[in-house]
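Just below is one structure, and these are the notes that go with it.
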Amino acid sequence: MCFCASAQDMDTIKLPSKFNSIVSQYYFEAGMHIGQIFNNKAGMVMHFSGNVVLYKKYHLGVQYERLTNFSEANLFANDTALSGKYTFKHQSAGIRFAYAVFHNKKYQLQPNLSVNWAMIYYRSNQFDISRWNFCVIEPGINFSYILHPNVSIGAGLHYRLNLGLNKALVNKDLNGLYGSIFLRFGLLQ
């Protein structure tokens, strides 16, 4: 009579090689954009994103952005019932695309494009006025450096183009050039 016991080593479980050749990396990004907002004031937008890298060079992700400093302004000057001082708040969410130049190096240059659905609302001391939906398109370029296979830092230069904002504020009030810094965590090499 013979008694035997065996255990399977967890290292032998692997994803299909086809999947590994398509999705080569993934990462989460947190950072800030600093640039111009309403009436040429400085504004800071925090952003967060989740991304996958396809075929080692095509970045595809989803992102969320929120204005962190709330500006006060006199708005609705054409409507005496609504005219007054308001705080405006802004946030957006969307998709982003990038292409990694030098994708096999520790440093990467990434031309990118984000397309977001955005929301802005105005608040006075008495009440919330309203909320309008519009589109934000952000072309730009990022430079990132991989410090560790799981950590990367970077900076970028972008332009913000708003489409469909036409109430108290108009598109040109939020359009503008901005710089960004970010930190990435994930599988980067």
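The values are calculated or read from the model by the stated rules, or taken from the named source; none is laboratory data. Since we're looking at a predicted model, the values are computed, not measured. Ideal geometry is used to build each Cβ from the backbone, glycine not excepted, and the neighbour counts take in all protein chains shown.
Looking at (1) among the β-branched types (Val, Ile, Thr); (2) at pLDDT 80 or above; (3) in a loop (DSSP other than H, G, I, E, B), which one does THR80 not meet, given that it meets all the others?
Among (1) among the β-branched types (Val, Ile, Thr); (2) at pLDDT 80 or above; (3) in a loop (DSSP other than H, G, I, E, B), THR80 violates only (2).
Considering (1) among the hydrophobic types (A, V, I, L, M, F, W, C); (2) within 13 Å of the chain's Cα centre (by Cα); (3) in a loop (DSSP other than H, G, I, E, B), say which one ALA118 fails and leave the rest.
Of everything listed in (1) among the hydrophobic types (A, V, I, L, M, F, W, C); (2) within 13 Å of the chain's Cα centre (by Cα); (3) in a loop (DSSP other than H, G, I, E, B), ALA118 misses just condition (3).
Out of the residues in the range 145-189 that are touching a Gly at 6+ places or on another chain (Cβ under 7 Å) and either β-branched (Val, Ile, Thr) or at positive phi (or both), state the one that is surrounded by the fewest Cβ atoms within 10 Å (Cβ to Cβ).
Here the residue is ILE181.
Run down TYR99, TYR159, TYR121, TYR145 and say which single residue is among the aromatic types (Phe, Trp, Tyr) and modelled with pLDDT under 90. Outline the logic, then answer.
On the way: TYR99 fails: modelled with pLDDT under 90; TYR159 fails: modelled with pLDDT under 90; TYR145 fails: modelled with pLDDT under 90.
On inspection, the qualifying residue turns out to be TYR121.
Would you be able to tell me the number of residues in the range 154-189 that are in a loop (DSSP other than H, G, I, E, B) and among the hydroxyl-bearing types (Ser, Thr, Tyr)?
Qualifying residue count for the region: 0.
Within the range 134-153, does at least one residue satisfy the condition of being assigned to a loop (DSSP other than H, G, I, E, B) and in contact (Cβ under 8 Å) with a residue 12 or more places away in the chain?
So far as the range 134-153 goes, yes, one or more of its residues are assigned to a loop (DSSP other than H, G, I, E, B) and in contact (Cβ under 8 Å) with a residue 12 or more places away in the chain.
Filter the range 34-43 down to the residues that are assigned to a strand (DSSP E or B) and surrounded by 14 or more Cβ atoms within 10 Å (Cβ to Cβ), then identify the one that is modelled with the highest pLDDT.
GLY35
Let's see how each residue does on (1) within 18 Å of the chain's Cα centre (by Cα); (2) under 22 Å from VAL170 (Cβ atoms); (3) modelled with pLDDT of 75 or more:
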| site | (1), (2), (3) |
| --- | --- |
| ILE13 | no, no, no |
| VAL23 | no, no, yes |
| MET32 | yes, no, yes |
| VAL45 | yes, yes, yes |
| VAL53 | yes, no, yes |
| HIS59 | yes, no, yes |
| GLN63 | yes, no, yes |
| ARG66 | yes, yes, yes |
